[in-house]
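**Q** This is the structure, below, for whatever I ask next.
The values are calculated or read from the model by the stated rules, or taken from the named source; none is laboratory data. Not measured: the values here are computed from a predicted model. Here the Cβ is made from the backbone with ideal geometry for all residues, glycine too, and neighbour counts use every protein chain on show. Side chains included, ligands, DNA and RNA excluded: accessible areas come from the protein's heavy atoms. Shrake-Rupley method; radii C 1.70, N 1.55, O 1.52, S 1.80 Å.
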Amino acid sequence: MTVKRLDINQPKSFEFSNEDLTLINDTIQNYPENRKQSAVVPSLYIAQKRAGGWLPEQAILKVAEMLDMPKIRVLEIASFYSMFNLTPTGHHFIQVCGTTPCWLRGSDQIKKACNDLVGKEGEVSEDSVSWLEVECLGACVNAPAVQINEDYYEDLNYESMTALIKKIKGKKDIKVGSQVGRVSSEPKKMEKNNA
Ligand code: FES
């Protein structure tokens, strides 16, 4: 697990859109009146989307103000969950699962593909792609798996991962889900034994 810190380059301001504010206020209504802090995770998620995939300090402050929470409590939450980024990400953000099932199924090769075609982990490439190793994405049955923005890509190997990255960079459509044609998490098709 890596230590997450606020980025050294911070924008001076952050504003939610009216749509964001409505969404946050609706979320707050889901909780008892004196428990609006319970909306902190969805509020941070909305803030992250508004900021372009990461949480600047001003966004964290804004969430703290809205929910009447000390800034440090909101920062603790933002730095704890891997779904929140405290440094800028690329327009295409690849999260590579490195937990045991994916590791056993070759996630080192997936990280190698990212290193070879995108660059160092955590750095944003010139064409706005970045990648990060994360813990289990909950798609272990189709390991190894990655999440690119909101979608999952599964049953990967070095070749299929490099093909995905090349398509992203070439602004081509990519097929979501299993990259070997499996439907959902159905068993792998057995090869016919001709012996
Ligand atoms: S271990 Fe990779 S998705 Fe669960």
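**Q** In segment 101-131, what residues are over 22 Å from residue 173 (Cα atoms), open to solvent by 40 Å² or more (accessible area, probe 1.4 Å) and hydrophobic (A, V, I, L, M, F, W, C)?
**A** The answer is 103, 104.
**Q** Follow-up question, since we're still on this one. For residue 66, only one of the following conditions fails: (1) open to solvent by 30 Å² or more (accessible area, probe 1.4 Å); (2) in contact with a strand residue (DSSP E or B) (Cβ under 7 Å, 6 or more places away or on another chain). What is its number?
**A** Here residue 66 clears every test but (2).
**Q** Condition first: over 30 Å from residue 98 (Cα atoms) and open to solvent by 60 Å² or more (accessible area, probe 1.4 Å). Now tell me which residues in segment 1-12 satisfy that.
**A** Listed by number, the list holds a single entry, 12.
**Q** Oh, and also: Applying the selection to segment 161-184, what residues are out of contact with any His (no Cβ under 8 Å at 6 or more places or on another chain) and among the hydrophobic types (A, V, I, L, M, F, W, C)?
**A** Hits for segment 161-184 are 161, 163, 164, 165, 174, 176, 180, 183.
**Q** Looking at segment 57-79, is at least one residue under 27 Å from residue 155 (Cβ atoms) and away from the ligand (no atom under 16 Å from the Cβ)?
**A** Here is the first cut: in segment 57-79, the ones under 27 Å from residue 155 (Cβ atoms) are none.
There is no residue in segment 57-79 that is under 27 Å from residue 155 (Cβ atoms) and away from the ligand (no atom under 16 Å from the Cβ).
Rundown of residues vs (1) surrounded by 19 or more Cβ atoms within 10 Å (Cβ to Cβ); (2) not hydroxyl-bearing (Ser, Thr, Tyr), yes/no style:
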{"residue": "14", "(1), (2)": "no, yes"}
{"residue": "21", "(1), (2)": "no, yes"}
{"residue": "26", "(1), (2)": "no, yes"}
{"residue": "45", "(1), (2)": "no, no"}
{"residue": "48", "(1), (2)": "yes, yes"}
{"residue": "55", "(1), (2)": "yes, yes"}
{"residue": "74", "(1), (2)": "yes, yes"}
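**Q** Going by the structure shown, is residue 162 of a type in the set (Ser, Thr, Tyr), surrounded by 14 or more Cβ atoms within 10 Å (Cβ to Cβ), in contact (Cβ under 8 Å) with a residue 40 or more places away in the chain and out of contact with any helix residue (DSSP H, G or I) (no Cβ under 6 Å at 6 or more places or on another chain)?
**A** So residue 162 fails the test.
**Q** Then there is this: Would you check if there is a residue in segment 136-147 being under 18 Å from residue 92 (Cα atoms) and open to solvent by 40 Å² or more (accessible area, probe 1.4 Å)?
**A** Within segment 136-147 (the criterion being under 18 Å from residue 92 (Cα atoms) and open to solvent by 40 Å² or more (accessible area, probe 1.4 Å)), the answer is no, since none of the residues qualifies.
**Q** Additional query: Out of all the residues in segment 156-170, is one or more at positive phi and either within 11 Å of the ligand (Cβ to nearest atom) or not polar (S, T, N, Q) (or both)?
**A** Our first condition is that a residue be at positive phi; within segment 156-170, this holds for none.
Checked against the condition, which is being at positive phi and either within 11 Å of the ligand (Cβ to nearest atom) or not polar (S, T, N, Q) (or both), segment 156-170 yields no hits at all.
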